[in-house]
Amino acid sequence: MNAPPPPVEPTVERAPAWVRAIAPYVPGKPIEEVARELHLDPSNIVKLASNENPRGPSPKVVAAIAAAAADASRYPDGSAFALRVALSRALGVAPDRLVFGNGSNDILELVAQAFLKPGDEAVCSKHAFAVYPLATQARGATLVEAPARGYAHDLDAIRAAITPRTRVVFVANPNNPTGTWLPGTAVAAFVASVPRDVVVVLDEAYDEYLDPAERSRSLGWIDRHPNLVVSRTFSKAYGLAALRIGYGVMDPRLADLVNRVRQPFNVNALAQAAAIAALHDPDYVEESAMLNRAGLRQVEAGVARLGCETLPSKGNFVLVRVGDAARVYRALLEQGVIVRPVANYGLPEWLRVTIGLPEENDMFLSALAHALAPAR
Ligand SMILES: Cc1ncc(COP(=O)(O)O)c(C=O)c1O
């Protein structure tokens, strides 16, 4: 007989209904956890589940982190002055347009916190990044999902979903988990079409992976559109996911508002030092983007040979249609390959695979061949 469920703690019952209704974020499984659960040697496990940079951080960054560690007893610079100066030069934007976050995830949360309250709406596309609903629901606001076109964002449908209740619109370009991308001209026209009292968050976490000619010019639109927030991250092509650092670029009046809801020390000192060093090593980012493009081609070709469909991706990951994704996910895990199921994105037949080093991609492809074999 099953034990009766434990009683609901009264404090929990008193939490706002919208908080209790949040479906928790499910991260990619850590290597150590898979090793423990499946009795595998961690050194034989490959993690292609969290869109991380497979190269590890640049050696210059590692040295900067080691040097900064000596000051770990001090609080970080809450205004991130040195990083602000370095990034403002690198991007060609005024320092007061930058807000730093504990990952760009923090920027998404801070914008939601600054602009959303119960009764408000935020809009995003179907299959868009999972943090948009989380950040919206945590403020008691409602997320409105516009239909996708194929699997990509449909900017017309997103525009049509904006109502007088809408305060924030999230657009991921490229989007995770689909890898779909919209050209700058289309995004610029969309931003111009949004009412000026609605914040448009353009999430460009994967921008550095695009071909240089395709990279976003959105920072140049902020003067014309003071309701635009562009978010970017050091987690992906810069290889700093563990340190949690990202940033938003926006009109200084918006930055001032967002800074009011920011924790005073939300970005730690090691992350600030690492980001400065990373900005001084642009070759690392370009090499990472090149390695990723070659890896994408390798995975796409290998998956095609196995008879599976992929979605064209502009990120450091690709969606692969495997049919019974829960079964194939498990079969890959048992072979020491961690990928990401995406049923929670309305994509139950697909798995999201992060592009790894060439040998990691090969490991995935041979594990996938095995995983698919019994079903054929
Ligand atoms: C589209 C998108 N935006 C934002 C993030 C947040 O990344 P971070 O908080 O590490 O900057 C991610 C992470 O996977 C992402 O895929």
Filtered residues of region 155-180 (kept if assigned to a loop (DSSP other than H, G, I, E, B) and open to solvent by 50 Å² or more (accessible area, probe 1.4 Å)): Thr163, Pro164, Arg165
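Looking at Thr136, is it open to solvent by less than 20 Å² (accessible area, probe 1.4 Å), within 15 Å of the ligand (Cβ to nearest atom), free of Cβ contacts under 8 Å to residues at least 60 places away in the same chain and polar (S, T, N, Q)?
Values: open to solvent by less than 20 Å² (accessible area, probe 1.4 Å): yes; within 15 Å of the ligand (Cβ to nearest atom): yes; free of Cβ contacts under 8 Å to residues at least 60 places away in the same chain: yes; polar (S, T, N, Q): yes.
Considered against the rule, which asks whether it is open to solvent by less than 20 Å² (accessible area, probe 1.4 Å), within 15 Å of the ligand (Cβ to nearest atom), free of Cβ contacts under 8 Å to residues at least 60 places away in the same chain and polar (S, T, N, Q), Thr136 comes out as yes.
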Index of the failed condition, Val285 passing every other in (1) out of contact with any strand residue (DSSP E or B) (no Cβ under 6 Å at 6 or more places or on another chain); (2) among the β-branched types (Val, Ile, Thr); (3) part of a strand (DSSP E or B): (3)
Residue satisfying all of: in region 101-115; open to solvent by 10 Å² or more (accessible area, probe 1.4 Å) and within 13 Å of the ligand (Cβ to nearest atom); farthest from Arg232 (Cα to Cα) among these: Glu109
Residue count, region 300-321 (criterion: open to solvent by less than 20 Å² (accessible area, probe 1.4 Å) and more than 21 Å from the chain's Cα centre (by Cα)): 3
Qualifying residue in region 151-167 (condition: away from the ligand (no atom under 16 Å from the Cβ), within 22 Å of the chain's Cα centre (by Cα) and under 21 Å from Ala343 (Cα atoms)): yes
Qualifying residue in region 182-201 (condition: of a type outside the set (A, V, I, L, M) and within 16 Å of the ligand (Cβ to nearest atom)): no
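Every residue, every condition in (1) under 20 Å from the mean Cα position of the chain (by Cα); (2) buried (at least 22 other Cβ atoms within 10 Å of the Cβ); (3) of a type in the set (A, V, I, L, M, F, W, C), yes or no:
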residue: Glu214; (1), (2), (3): yes, no, no
residue: Ser218; (1), (2), (3): yes, yes, no
residue: Pro226; (1), (2), (3): no, no, no
residue: Thr233; (1), (2), (3): yes, yes, no
residue: Val249; (1), (2), (3): yes, yes, yes
residue: Val261; (1), (2), (3): no, no, yes
residue: Pro264; (1), (2), (3): no, no, no
residue: Ala269; (1), (2), (3): no, no, yes
Evaluation of Asp96 against (1) within 23 Å of the chain's Cα centre (by Cα); (2) open to solvent by 70 Å² or more (accessible area, probe 1.4 Å); (3) touching a residue at least 40 places away in the same chain (Cβ under 8 Å) (one fails), failing number: (1)
Region 195-208, residues that are open to solvent by less than 10 Å² (accessible area, probe 1.4 Å) and out of contact with any strand residue (DSSP E or B) (no Cβ under 9 Å at 6 or more places or on another chain): none
Members of region 10-38 found to be among the hydrophobic types (A, V, I, L, M, F, W, C), more than 16 Å from the ligand (Cβ to nearest atom) and either farther than 17 Å from Ala367 by Cβ or free of Cβ contacts under 8 Å to residues at least 60 places away in the same chain (or both), listed by number: Val12, Ala15, Ala17, Trp18, Val19, Ala21, Ile22, Ala23, Ala35
Members of region 202-245 that are within 19 Å of Ala128 (Cα to Cα) and within 11 Å of the ligand (Cβ to nearest atom): Leu202, Asp203, Glu204, Ala205, Tyr206, Asp207, Ser231, Arg232, Thr233, Ser235, Lys236
Residue satisfying all of: in region 335-366; touching a helix residue (DSSP H, G or I) at 6+ places or on another chain (Cβ under 6 Å) and part of a helix (DSSP H, G or I); most open to solvent (accessible area, probe 1.4 Å) among these: Leu365
Thr142 vs. criteria among the hydroxyl-bearing types (Ser, Thr, Tyr), farther than 18 Å from Tyr25 by Cβ and surrounded by 14 or more Cβ atoms within 10 Å (Cβ to Cβ): yes
Given (1) open to solvent by less than 50 Å² (accessible area, probe 1.4 Å); (2) touching an Asp or Glu at 6+ places or on another chain (Cβ under 8 Å); (3) among the charged types (D, E, K, R), number of the condition Lys60 does not satisfy: (1)
Hey, Leu83 outside any loop (DSSP other than H, G, I, E, B), within 16 Å of Ile276 (Cα to Cα) and either touching a helix residue (DSSP H, G or I) at 6+ places or on another chain (Cβ under 8 Å) or within 16 Å of the ligand (Cβ to nearest atom) (or both) or not: yes
Close pairs (7 angstrom Cβ cut-off, 6 or more residues apart or separate chains): in a loop (DSSP other than H, G, I, E, B) in region 39-59, open to solvent by 50 Å² or more (accessible area, probe 1.4 Å) and within 15 Å of the ligand (Cβ to nearest atom) anywhere: Ser50/Pro27
Among (1) touching a residue at least 40 places away in the same chain (Cβ under 8 Å); (2) within 29 Å of Ala23 (Cα to Cα); (3) within 16 Å of the ligand (Cβ to nearest atom), the one test that Glu334 misses: (3)
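The values are calculated or read from the model by the stated rules, or taken from the named source; none is laboratory data. In this text, all values refer to a predicted model and were calculated from it rather than measured experimentally. FYI the Cβ positions are ideal-geometry reconstructions off the backbone, even for glycines, and counts take in every protein chain you see. For accessibility, only protein heavy atoms count, side chains too; no ligands or nucleic acids. Shrake-Rupley method; radii C 1.70, N 1.55, O 1.52, S 1.80 Å.
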